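Notes for the one structure printed next.
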């Protein structure tokens, strides 16, 4: 290309590429040094190193070599980071995206595993609760970096739409007859009363008919639950359960039982948690319930013994950050409509997606502090 001050006519460049037999370039040299995914990979590699004894127990001492579980877990994290819709698309991108290859631990010419590898190894990951171990390893790293609050928490829940259509809902006693044929048949449910006690989905029997509020449409869904610490908005517990009217409060107490509480803590929540059984459950566990008061046609279970303290107002303000977690999980993490069938597989996805959120959040906090 001629310089700006030159009057010489430009000469056409040669578009024909000459193949290089040997190249010293590796994916590591092509990923920018300031890219935030480098900090994320450092945390991930440390967490996976802690899980080495778990991985050793998953496989036989002799036999055919398999895909390293570290590669599978890293690839599943990339699926959450970059909103990859399916494992088939993930493996396709791994073939040509050098940043993806670098993060997983592959070299430029290394072959990429087939998408069916995820399906074949998912049961092994479930059997050894690998997603849970990895989530806890990331959480321990956040605690070592002093990013977690040990005193103030927030709990909330949401509905995650199941991978099943309302057309798959049939009577449990089999009285509905054979399903209509065709790819997308027309089914008329008008006048038919359908409840979870009498009907179930033939596609995903563990999904439940649920709606978030009166006036909204009913969907086949699971209930997602998050326990957030209030210092930096990180997830300390995440769970998926069957959706029913009491799932949020029951799951909140279960997550509190799993969290270490060396001292009395506060728990912020919306007015849906303002019930006698939940407030009593919190007090039995030494937890101060900073729950929003529900006073519509009833009396709140939260009195001025709690609301008069300044910390109550702080908890009510900070608790709204939990919606950022659900927003990220549903949009970026791909949870608007779940990809898998069954509670166990979707719980594995939710746990890894929660770990992915924490990794991005931790890297962002560290960059802001620097």
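Where a number appears in this text, it was derived from the coordinates with a stated rule and is not lab data. What you see is a predicted model, and the numbers here were worked out from it, not measured in a lab. Virtual Cβ from ideal backbone geometry, glycine too; neighbours counted across all protein chains shown.
General remarks:
- Computed from the Cβ-Cβ distance with R0 of 41 Å, the FRET efficiency linking residue 337 to residue 9 stands at 0.10.
- The overall shape of segment 27-128, judged from the alpha-carbon gyration tensor, is prolate: a/c is not under 1.5, and a/b is greater than b/c.
- Available extension along the chain between residue 214 and residue 257 is 12.4 nm, counting 0.36 nm per residue and deducting the alpha carbon span.
- Each Cα pair under 8 Å and six or more residues apart adds its separation to the average, and for the chain the resulting relative contact order is 20 percent.
- Cα convex hull of segment 259-344, projected area averaged across orientations, nm²: 8.1
- Whole-Å semi-axes of segment 221-284's equivalent ellipsoid (Cα gyration tensor): 18, 15, 11
- Within segment 218-237: backbone nitrogen closer than 20 Å to the residue 246 label point (7 Å, Cα to C-beta): 222-226
- Whole-number D in µm²/s for segment 114-179 (Stokes-Einstein; Kirkwood sum over Cα pairs; 37 °C, 0.692 mPa s): 193
- Counting neighbouring beta carbons within 10 Å and listing from fewest to most, the residues 82, 312, 96 come out as 96, 82, 312.
- Length gained on full extension, residue 92 to residue 317, computed as 0.36 nm times the residue gap minus the Cα-Cα distance: 76.7 nm.
- Diffusion coefficient, µm² s⁻¹, Stokes-Einstein with Kirkwood Rh over alpha-carbon pairs of segment 212-370 at 20 °C and 1.002 mPa s: 126
- Extension gain for residue 197 to residue 172 (0.36 nm times residue separation, less C-alpha to C-alpha distance): 8.2 nm.
- Virtual paramagnetic centre 7 Å along Cα→Cβ of residue 296, amide N under 14 Å, in segment 216-234: 216
- Over 11 Å [Cα-Cα, segment 42-82], rounded percent: 70
- Choice from 187, 341, 108 with maximal GNM fluctuation in the chain (Cα, 10 Å cutoff): 187
- Shape box of segment 52-112 [Cα atoms, principal axes, largest first, Å]: 34, 24, 18
- Among beta bridges that DSSP assigns inside the chain, antiparallel share in %, nearest 5: 70
- For the chain, the direction-averaged projected area of the alpha-carbon convex hull comes to 30.2 nm².
- Stokes-Einstein, applied to the Kirkwood radius of segment 84-152 over Cα pairs at a viscosity of 0.692 mPa s and 37 °C, places its translational diffusion at 224 µm² s⁻¹.
- Value of [θ]222 nm, deg cm²/dmol, for the chain, DSSP H segments ≥ 4, -39500 (n - 2.57) each, nearest 500: -12500 deg cm²/dmol
- The Rg/Rh ratio of segment 165-267, with both radii computed over alpha carbons and Rh defined as the Kirkwood radius, is 1.13.
- Rough spin-label spacing in nm, given labels placed 7 Å along Cα→Cβ, for residue 83 and residue 29: 3.4
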